[in-house]
Amino acid sequence: MRVVVTGAAGQLGADVVRHCVAAGDDVIAADRATLDITDEPAVRAFVADARPDAVINAAAYTAVDACETNRDHALLVNGRAVGWISAAAADAGAHLVHVSTDYVFDGTLDRPYREDDVPHPQSVYGVTKLAGEQAAGAAATIARTSWVCGEHGDNMVKLVLRLAAGDGELAFVDDQRGCPSFTADLAPMLRRLAVDRAAGIHHVTNQGVVSWYEFVREVLAAAGADPSRVRPISTAELQPPRPAPRPANSVLDNHRLRLSGYPALRDFRAPLAELVAILS
Ligand SMILES: NC(=O)c1ccc[n+]([C@@H]2O[C@H](COP(=O)([O-])OP(=O)(O)OC[C@H]3O[C@@H](n4cnc5c(N)ncnc54)[C@H](OP(=O)(O)O)[C@@H]3O)[C@@H](O)[C@H]2O)c1
């Protein structure tokens, strides 16, 4: 496969590039300096020149709290630019895989979210990511994921390992639940969906549901530290409160993958142990 990867220097993009190269693909990796996806003519020219079979868009404005005050920029990167990538991919006959998020939901449902549940984002980030899903179009793969961790970029695993090295008290919220998802496992599934040209929304997460507090306990245990160092708190106790609301229920049912016969991604504890070993 000949594949363009946008956002190639990001946490997920870097592992998508690495995995596609390892799988023998012809990879055209575009970090932000190479291709700013908000430059419509540049997007059109870049994709036309590359003549790819697939485009995997891992570029996004992911600073969730900053999105609240940078609404126009968030909408440009996460929404409108996705439409330009989609049009350029269609012109080249390439299949688009676009990455989206659990934040398109309000988190009030009392069961895991399926692909056909009605989105109702509560944050600017979520609103703009939903706009991106709509701009990607019906022919694209929309891969919604959650709580992403990987070797590249900042994430909860790295934060906890840093905090564990000190002797301060750790406090994390116990009233937001989700599925931690690891780029080492997401990347192969994104590639597979690209190869299969699997149209429509797909929830793609590792298995295993935890609160952030429970996840931090798992990270500490994986690092050989004492899990009882972390204390559970509620979102209401967070000081200062976060500008952007987070869904209380971020659990994405990987219903569509199951229906289509794809194997479930591993329980998150397996890639967590691998990542901790790499980072330690
Ligand atoms: N992280 C999570 O917990 C999470 C959860 C659910 C879904 N997702 C989704 O997963 C995808 C990948 O996220 P991630 O965790 O890998 O985020 P990330 O590390 O922030 O990567 C995003 C990349 O996009 C780049 N980018 C930003 N604006 C751009 C532009 N105008 N043109 C080209 N590139 C641009 C960023 O470059 P700069 O660093 O230079 O800005 C960065 O390298 C995103 O679609 C995100 O919405 C993430």
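The values are calculated or read from the model by the stated rules, or taken from the named source; none is laboratory data. If you're wondering where the values come from, they're calculated on a predicted model, not measured in any experiment. Here Cβ is always computed from backbone atoms with ideal geometry, including for glycine, and neighbour counts include all displayed protein chains. Side chains are part of the model used for accessible areas, which takes the heavy atoms of the whole protein and leaves out ligands, DNA and RNA. Shrake-Rupley method; radii C 1.70, N 1.55, O 1.52, S 1.80 Å.
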Notebook entry, point to check: For the subset of the stretch 106-134 comprising residues that are within 19 Å of Gly7 (Cα to Cα) and of a type in the set (D, E, K, R), which member is nearest to the ligand (Cβ to nearest atom)?
Noted result: Lys129
Next item on the list: Determine whether Arg231 is part of a loop (DSSP other than H, G, I, E, B), open to solvent by 50 Å² or more (accessible area, probe 1.4 Å) and closer than 23 Å to Leu161 by Cα.
Entry: no
Notebook entry, point to check: If we scan the stretch 23-38, do we find a residue that is more than 9 Å from the ligand (Cβ to nearest atom), of a type in the set (Ser, Thr, Tyr) and open to solvent by 70 Å² or more (accessible area, probe 1.4 Å)?
Noted result: no
Next item on the list: State yes or no: is Thr101 open to solvent by 60 Å² or more (accessible area, probe 1.4 Å) and either at pLDDT 95 or above or on the phi < 0 side of the Ramachandran plot (or both)?
Entry: no
Next item on the list: Would you mention how many residues in the stretch 1-38 are under 17 Å from Thr183 (Cβ atoms) and among the basic types (Lys, Arg)?
Entry: 1
Next item on the list: Select from the stretch 106-118 the residues that are in a loop (DSSP other than H, G, I, E, B) and not charged (D, E, K, R) and write down the one among them that is least open to solvent (accessible area, probe 1.4 Å).
Entry: Gly107
Next item on the list: Test Leu257 against the criterion of being over 19 Å from Glu151 (Cα atoms), of a type outside the set (D, E, K, R) and open to solvent by less than 60 Å² (accessible area, probe 1.4 Å), and give yes or no.
Entry: yes
Next item on the list: Could you tell me whether Glu169 is touching a residue at least 24 places away in the same chain (Cβ under 8 Å), charged (D, E, K, R) and open to solvent by 60 Å² or more (accessible area, probe 1.4 Å)?
Entry: yes
Notebook entry, point to check: Quick one: how many residues across the stretch 108-157 are over 19 Å from Ala60 (Cβ atoms) and of a type in the set (D, E, K, R)?
Noted result: 6
Check: Pairs under 8 Å by beta carbon, first residue under 16 Å from Asp25 (Cβ atoms) and touching a residue at least 24 places away in the same chain (Cβ under 8 Å) in the stretch 42-65, partner among the β-branched types (Val, Ile, Thr) and away from the ligand (no atom under 15 Å from the Cβ), six or more apart or different chains?
Finding: Pro52/Val3; Asp53/Val3; Ala54/Val3; Ala54/Val195; Val55/Val3; Ile56/Val3
Note to self: So for the stretch 162-181 (the condition being within 15 Å of the ligand (Cβ to nearest atom) and among the basic types (Lys, Arg)), does at least one residue qualify?
What the structure shows: yes
Notebook entry, point to check: Restricting attention to the stretch 39-56, does a residue exist that is in a loop (DSSP other than H, G, I, E, B), open to solvent by 10 Å² or more (accessible area, probe 1.4 Å), within 15 Å of the ligand (Cβ to nearest atom) and more than 23 Å from Arg197 (Cα to Cα)?
Noted result: yes
Check: Is it the case that the stretch 60-75 has a residue that's touching a strand residue (DSSP E or B) at 6+ places or on another chain (Cβ under 8 Å) and crowded, with 24+ Cβ neighbours inside 10 Å?
Finding: yes
Check: If Ala14 satisfies every condition in (1) near the ligand (Cβ under 9 Å from one of its atoms); (2) surrounded by fewer than 19 Cβ atoms within 10 Å (Cβ to Cβ) but one, which is the exception?
Finding: (2)
Next item on the list: State yes or no: is Ala198 open to solvent by 30 Å² or more (accessible area, probe 1.4 Å), more than 18 Å from Ala60 (Cα to Cα) and more than 16 Å from the ligand (Cβ to nearest atom)?
Entry: no
Notebook entry, point to check: Within the stretch 88-105, which residues are within 15 Å of the ligand (Cβ to nearest atom), over 14 Å from the mean Cα position of the chain (by Cα) and outside any helix (DSSP H, G or I)?
Noted result: Leu96, Phe105
Notebook entry, point to check: Quick check, is Ala187 open to solvent by less than 40 Å² (accessible area, probe 1.4 Å), of a type in the set (Gly, Ala, Ser), touching a helix residue (DSSP H, G or I) at 6+ places or on another chain (Cβ under 6 Å) and within 20 Å of His255 (Cα to Cα)?
Noted result: yes
Note to self: Looking at the stretch 114-162 only, could you name the residues that are closer than 24 Å to Ala90 by Cβ and among the polar types (S, T, N, Q)?
What the structure shows: Thr128, Gln134, Thr141, Thr145
